[in-house]
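Comments concern the structure below.
The values are calculated or read from the model by the stated rules, or taken from the named source; none is laboratory data. Computed from a predicted structure; not experimentally measured. Don't worry about glycine lacking a Cβ; one is built from the backbone with ideal geometry, like all the others, and counts go over all protein chains shown. Accessible surface is based on the protein model in full, side chains and every heavy atom, while ligands, DNA and RNA are left aside. Shrake-Rupley method; radii C 1.70, N 1.55, O 1.52, S 1.80 Å.
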Amino acid sequence: MLSLAEIKSNFTPLRIPIRWRWAMLVGFAVAIAVVVLFFIILDIERDAWLQSQAMQAELQVDRLADELKLPLLSGSSAETDLVVQKFLEKVPTVLGALIRHIDGKVKTYRDTGAVDAVMKVNVGSVKVRRIPGKSLWYARSVMYSGTPLAMVAVRFSGQEWADIAGKLVQKIFIAAVLVVMFSSILVLWISRRMSQPIEMLAEAARKVADGDYRVTLPVRGNNEISDAVSQFNAMTRELAHKKELRAVFSRYLNPKLISDVFAGGDADMESHRQAVSVLFADMVQFTSFSESSETEEVIQVLNKHFEVFHRLVTYYGGHVDKYIGDALMAVFNHPINDPGHVRHAAMAALAIDSACHRLKVRRKDGETITFRLGLNCGQAIVGNIGAAQRLEYTVIGDAVNVASRMGGLGRGRELIMPRETFELLGDGFDFAPVGECEIKGVSRKIEAGVVTAVSAPLLLDIDAAVSLAFDDDLSQHGPRIVGQSGTVEQAVGAADESDKATGES
């Protein structure tokens with residue numbers, strides 16, 4: 001059985017549009033106002049009718065009292081009854097009459113109803129008075145030469161007021177229905193005009209949440225809603241501008257630096273040591289190529305190669321730290337952590353060599369442009385390096401120096417790395433030693449060698465990556481291997497099996 005808290009958490013309140021809420025609220029308020037006005041008008045009309053009734057009753061009761069003086073003075077009950085009967089016949093609005101003699105004897109005529117209230121009243125003047133109560137009783141004393149003879153009371157009918165009140169209720173009800181309908185329609189129209197911008201804002205906010213910052217809403221009127229729309233447009237413009245700046249800066253700066261700045265407004269200045277894989281790709285015979293080629297051609301060739309290299313590095317989970325003239329420096333395992341960063345860096349390097357072979361850009365001497373490739377894994381210092389006015393978020397240390405030196409040992413189309421780094425690659429690679437080398441700043445000699453891919457799945461993965469690198473939609477495919485360790489071949493193998501199954505079907 002669900003608890004009360006679970007029921008509340010699962011309960012979804014009924015969605016009622018704002019315009020309907022406004023219509024119901026205004027309709028209810030108008031109905032309440034009409035009811036209150038109805039009772040006020042009814043009370044005023046009843047007071048006016050009672051005043052008119054009192055004036056008529058005063059004339060009728062005075063006439064009856066004057067006609068009863070002689071019969072009461074003579075003590076003739078027959079004459080008294082005759083006078084009262086004639087009075088009742090002549091005045092149709094009178095329901096009944098009552099005479100209370102001095103000796104306490106009471107005589108009633110026709111429909112008097114309950115007379116308790118009348119019996120308790122002592123009218124001691126010849127002025128007509130209304131007796132309090134629900135019935136319309138009017139009474140006065142019958143006096144002769146200052147001597148009271150009796151009290152005469154006449155009960156008048158309230159049917160006239162009932163008819164008046166019924167007609168009044170009918171008219172007010174019709175008026176109330178018309179007012180409520182008109183006000184509801186008017187409120188629906190007004191609330192619709194008010195809710196449309198709000199609904200537009202909600203829909204536009206959903207688009208912005210999905211990453212579409214090109215939303216612009218029309219500003220109509222000069223009120224709070226138009227102010228909100230204007231501010232929303234200003235917000236989307238700022239977000240679009242920020243997105244453009246981020247895209248521009250990401251082309252020149254470290255992606256983690258960009259993320260830190262745009263997420264929190266400032267970059268983390270703390271430096272630390274971290275194991276990274278550093279890859280260098282340096283063009284072979286760049287000096288002779290640049291001297292024998294036009295400037296535009298040199299730039300075009302470098303950009304053509306670096307565009308593909310950048311895609312491959314990104315695909316394998318690394319990032320291009322910087323371009324040093326004709327060389328590229330890529331870092332793996334930072335800022336994105338990747339347990340298999342050494343293996344992925346080696347695959348990226350071999351993919352870069354394969355991409356150069358596929359590009360087949362030739363120098364003036366007819367030789368294909370190739371790159372020397374150097375890779376090393378080790379501890380490096382990660383942080384912001386430079387002056388306060390110009391910082392570069394990069395990695396420095398022996399690991400970087402060794403990687404750069406490894407690249408200088410190659411002759412082109414060779415991936416050189418220390419044996420210690422090779423031992424971290426895993427299966428599928430072969431190591432051909434080229435000897436030991438001394439590196440400035442490193443006390444011991446380092447055994448280096450040429451690394452090649454020898455397993456079919458590994459070669460298949462590299463070939464697939466290169467094919468994607470020449471695809472404009474590469475960003476939709478990678479990076480696929482971030483956070484995995486040595487499972488690149490499995491991912492590509494599964495993709496190949498899926499492609500084969502699709503083709504066979």
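Table: residues versus (1) among the small types (Gly, Ala, Ser); (2) part of a helix (DSSP H, G or I); (3) at pLDDT below 90; (4) touching a strand residue (DSSP E or B) at 6+ places or on another chain (Cβ under 6 Å).
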{"residue": "Arg19", "(1), (2), (3), (4)": "no, yes, yes, no"}
{"residue": "Leu25", "(1), (2), (3), (4)": "no, yes, yes, no"}
{"residue": "Ala29", "(1), (2), (3), (4)": "yes, yes, yes, no"}
{"residue": "Ile32", "(1), (2), (3), (4)": "no, yes, yes, no"}
{"residue": "Ile40", "(1), (2), (3), (4)": "no, yes, no, no"}
{"residue": "Ile44", "(1), (2), (3), (4)": "no, yes, no, no"}
{"residue": "Glu58", "(1), (2), (3), (4)": "no, yes, no, no"}
{"residue": "Asp62", "(1), (2), (3), (4)": "no, yes, no, no"}
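Within region 202-241, the set of residues being surrounded by fewer than 16 Cβ atoms within 10 Å (Cβ to Cβ), within 30 Å of Gly27 (Cβ to Cβ) and not basic (Lys, Arg) comprises Ala202, Glu203, Gly221, Asn222, Asn223, Glu224, Ser226, Asp227, Ala228. Selection of region 430-461 for residues being farther than 20 Å from Phe371 by Cα, assigned to a strand (DSSP E or B) and in contact with a helix residue (DSSP H, G or I) (Cβ under 7 Å, 6 or more places away or on another chain) yields Cys437, Ile446, Glu447. Quick one: what pairs do we get from region 270-295, first residue without any contact (Cβ under 8 Å) to a residue 60 or more places away in the chain, second open to solvent by less than 30 Å² (accessible area, probe 1.4 Å) and assigned to a strand (DSSP E or B), C-beta under 9 Å, 6+ apart or different chains? Final answer for the pair search is Phe286/Ala327. For region 438-475, the set of residues classified as surrounded by 14 or more Cβ atoms within 10 Å (Cβ to Cβ) and at pLDDT below 85 consists of Ile439, Leu474, listed by residue number. When region 125-156 is filtered for residues that are over 24 Å from Gly75 (Cα atoms) and assigned to a strand (DSSP E or B), the ones remaining, listed by number, are Arg129, Arg130, Ile131, Leu136, Trp137, Phe156. Among the residues of region 35-74, write down those that are under 15 Å from Gly158 (Cβ atoms), hydrophobic (A, V, I, L, M, F, W, C) and open to solvent by less than 40 Å² (accessible area, probe 1.4 Å). Within region 35-74, Leu42, Trp49, Leu50, Ala54, Ala57 meet the criteria. Per this entry, Val331 is counted among residues that are hydrophobic (A, V, I, L, M, F, W, C), within 44 Å of the chain's Cα centre (by Cα) and under 22 Å from Val400 (Cβ atoms).
Could you go through region 289-310 and let me know if any residue there is assigned to a helix (DSSP H, G or I) and within 39 Å of the chain's Cα centre (by Cα). Explain how you work it out, then say what you get.
The initial filter retains those residues of region 289-310 that are assigned to a helix (DSSP H, G or I), namely 289-292, 295-310.
Keeping just the survivors that are within 39 Å of the chain's Cα centre (by Cα) gives 310.
Within region 289-310, one or more residues are assigned to a helix (DSSP H, G or I) and within 39 Å of the chain's Cα centre (by Cα).
Only one entry in Ala175, Ala153 is of a type in the set (A, V, I, L, M, F, W, C), within 27 Å of Ala97 (Cβ to Cβ) and either at pLDDT below 85 or surrounded by 13 or more Cβ atoms within 10 Å (Cβ to Cβ) (or both), namely Ala153.
Of all the criteria given as (1) open to solvent by 90 Å² or more (accessible area, probe 1.4 Å); (2) part of a helix (DSSP H, G or I); (3) within 16 Å of Gly133 (Cβ to Cβ), the one not satisfied by Asn122 is (2). Residues of region 189-246 that are in contact with a helix residue (DSSP H, G or I) (Cβ under 9 Å, 6 or more places away or on another chain), at pLDDT 80 or above, of a type in the set (A, V, I, L, M) and part of a helix (DSSP H, G or I): Met200, Leu201, Ala204, Ala205, Val208, Ala228, Val229, Met235, Leu239. Here is a check on your reading of the model: is Arg343 out of contact with any His (no Cβ under 8 Å at 6 or more places or on another chain), assigned to a helix (DSSP H, G or I), of a type in the set (D, E, K, R) and more than 16 Å from Leu458 (Cα to Cα)? For Arg343, the condition - out of contact with any His (no Cβ under 8 Å at 6 or more places or on another chain), assigned to a helix (DSSP H, G or I), of a type in the set (D, E, K, R) and more than 16 Å from Leu458 (Cα to Cα) - is not met.
Contact annotation: residue pairs with Cβ atoms under 8 Å, 6 or more positions apart or on different chains, pairing a residue in region 429-452 that is of a type in the set (Ser, Thr, Tyr) with a partner that is open to solvent by 20 Å² or more (accessible area, probe 1.4 Å) and not in a strand (DSSP E or B), are Thr452/Leu350. When restricted to residues that are at pLDDT below 90, within 51 Å of the chain's Cα centre (by Cα) and not basic (Lys, Arg), region 357-397 contains 17. Look through region 427-437, keep the residues that are surrounded by 17 or more Cβ atoms within 10 Å (Cβ to Cβ) and under 55 Å from the mean Cα position of the chain (by Cα), and return whichever of them is nearest to Gly378 (Cα to Cα). Step by step, filter region 427-437, then rank; the result is Phe429. Number of residues in region 17-34 that are exposed (fewer than 14 other Cβ atoms within 10 Å of the Cβ), among the aliphatic types (A, V, I, L, M) and under 30 Å from the mean Cα position of the chain (by Cα): the value is 3.
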